[in-house]
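Trainee: Would you mind keeping the following structure in view while I ask a few things?
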Amino acid sequence: MKIRTLFTLLVLALLYTGCTDQLAGPELDTQNTTLPSLESAAKAASGGFADLSVRMRVHDNRTRWSDSLEIVVEVHNEGPHQASGLAIAYNDSLLRVLSASTSTSRGGYNDSLEVWTVDHLPTGATEKLVLTVRPTSRKTALATAEVSASDMRDPDSVPGDGDPRQDDYASVKIISRAKR
Ligand SMILES: [Ca+2]
Ligand SMILES: [Ca+2]
């Protein structure tokens, strides 16, 4: 009887060890898979930050009056989090926008509102808007662009406040000469 009891206890001990090993595996995996979701939830709860900046450039800012030229507007996300719900307000004086094209399908340019929208912008990513414009006068024309909306807070600029010293604001001057 004693040997049989010992044998039974040994079998029960082995079975118990096997069960705990099986339980330990999934428990570790669960911890690994739940960490990122907890991190995402913490980011969402805190609102998150995304440092957005805008740049504008033209190939040559001196053009003959009534000739068309391209203005490139770029928005960049320096992070640390992905930005979403972006709007970039475009404004100009003495220019007419002939056409607009965006680098991806993540947004679009509304010509009547003069607003470029980008659904989301991952950390480190840059989106581009190319505007073909034509001066309407022989005076110096000005074009500006500024982030006007974002779902994330920006650590060093305020959307839509029109401050040219901030990195979410950019401008280009175009000097048009008389047509030959
Ligand atoms: Ca910024
Ligand atoms: Ca601003």
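Please treat every number below as a calculation from the coordinates, not as lab data. None of these values were measured; they are calculated from a predicted model. Positions of Cβ are backbone-derived with ideal geometry, glycine not excepted, and every protein chain shown enters the neighbour counts.
Trainee: Which of the residues spanning region 81-116 are assigned to a strand (DSSP E or B), out of contact with any His (no Cβ under 9 Å at 6 or more places or on another chain) and hydroxyl-bearing (Ser, Thr, Tyr)?
Mentor: Tyr90, Ser93, Ser99, Ser101, Thr102, Tyr109, listed by residue number.
Here's the yes/no breakdown for (1) surrounded by 14 or more Cβ atoms within 10 Å (Cβ to Cβ); (2) over 16 Å from His76 (Cα atoms); (3) within 15 Å of ligand 2 (Cβ to nearest atom):
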{"position": "Arg96", "(1), (2), (3)": "no, yes, no"}
{"position": "Asp111", "(1), (2), (3)": "no, yes, no"}
{"position": "Gly124", "(1), (2), (3)": "no, no, no"}
{"position": "Leu129", "(1), (2), (3)": "yes, no, no"}
{"position": "Arg134", "(1), (2), (3)": "yes, yes, no"}
{"position": "Asp151", "(1), (2), (3)": "yes, no, no"}
{"position": "Val158", "(1), (2), (3)": "yes, no, yes"}
{"position": "Ala170", "(1), (2), (3)": "yes, no, yes"}
{"position": "Lys173", "(1), (2), (3)": "no, yes, no"}
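Trainee: Let me ask another. Could you check how many residues of region 99-137 are within 22 Å of Asp67 (Cβ to Cβ) and β-branched (Val, Ile, Thr)?
Mentor: Going through region 99-137 one residue at a time, the tally reaches 4.
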